[in-house]
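For reference, the structure discussed in these notes is given below.
Every read-out reported here was derived from the displayed coordinates using simple, explicitly stated rules and does not represent laboratory data. What you are looking at is a predicted structure, and each value in this text was computed from that prediction instead of being measured. Cβ sites come from the backbone with ideal geometry, for glycine too, and all protein chains shown count toward neighbours.
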Amino acid sequence: MIAVAILAILGSVAFSSYTDSVIKTRRSEGKTALLKLMQQEEQFFTQNNSYSVFSQASVDANEKKFKWFSGEAASSSSYDIIATACAGDTIQNCVLLTAYPGTTNVNSTFKDPTCGNQY
């Protein structure tokens with residue numbers, strides 16, 4: 001009986017550590033995606049003298065050039081990324097990239113209570 005209790009405690013500690021590790025890995029994926037997208041926005045700005053808004057719902061050809069999810073495919077990604085104009089400014093001058101964890105557009109089972117904006 002004591003062995004089962006010890007095993008249960010060790011299992012819960014190991015699972016908690018594993019969960020934390022998965023969240024940190026997915027945060028890293030999200031940060032990498034944001035950095036790549038910001039670099040792509042700067043290239044777009046150089047060519048068009050304006051930034052671009054984009055989201056999963058984008059229909060404009062220029063907006064579709066931007067990958068709105070953080071991973072290799074939307075279904076396995078952890079973050080849904082949206083580009084909007086900064087508050088109080090226009091898209092010609094400022095772009096704000098926001099990562100939303102675990103939306104219905106990406107892996108909705110992923111939850112990150114600490115990082116990312118929640119819908």
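Annotations for the structure displayed:
- Our coupling estimate for region 2-7, obtained by passing each phi through the Karplus curve with A = 6.51, B = -1.76, C = 1.60 and θ = phi - 60°, is 5, 4, 5, 5, 5, 4 Hz, Gly and Pro reported as x.
- Helical contribution to [θ] at 222 nm, DSSP H n ≥ 4, -39,500 (n - 2.57), averaged over the chain, rounded to 500: -14500 deg cm²/dmol
- Least to most buried among T109, T103, T19, T84 (fewest other Cβ within 10 Å first): T109, T19, T84, T103
- Computed on the chain, with alpha-carbon pairs under 8 angstrom and 6+ residues apart, the relative contact order is 20 percent.
- Trypsin sites (Lys or Arg not before Pro) within region 29-104: DSSP coil, no more than 14 neighbouring Cβ in 10 Å: none
- Along the axis of the charge dipole computed for region 1-113 (Cβ charges of +1 for Lys and Arg, -1 for Asp and Glu, origin at the Cα centre), the listed residues S108, L35, S17 are led at the positive end by S17.
- Lys, Arg +1 and Asp, Glu -1 on Cβ, resulting dipole of the chain about Cα centre, debye, nearest 20: 260 debye
- Applying 0.36 nm per residue to the separation of A73 and D89 and subtracting their alpha-carbon distance, the gain on full extension is 2.6 nm.
- No disulfide-compatible partner, judged by a Cβ distance under 4.7 Å, exists for the following cysteines of the chain: C115.
- Cα convex hull volume per residue for the chain (Å³): 108 Å³
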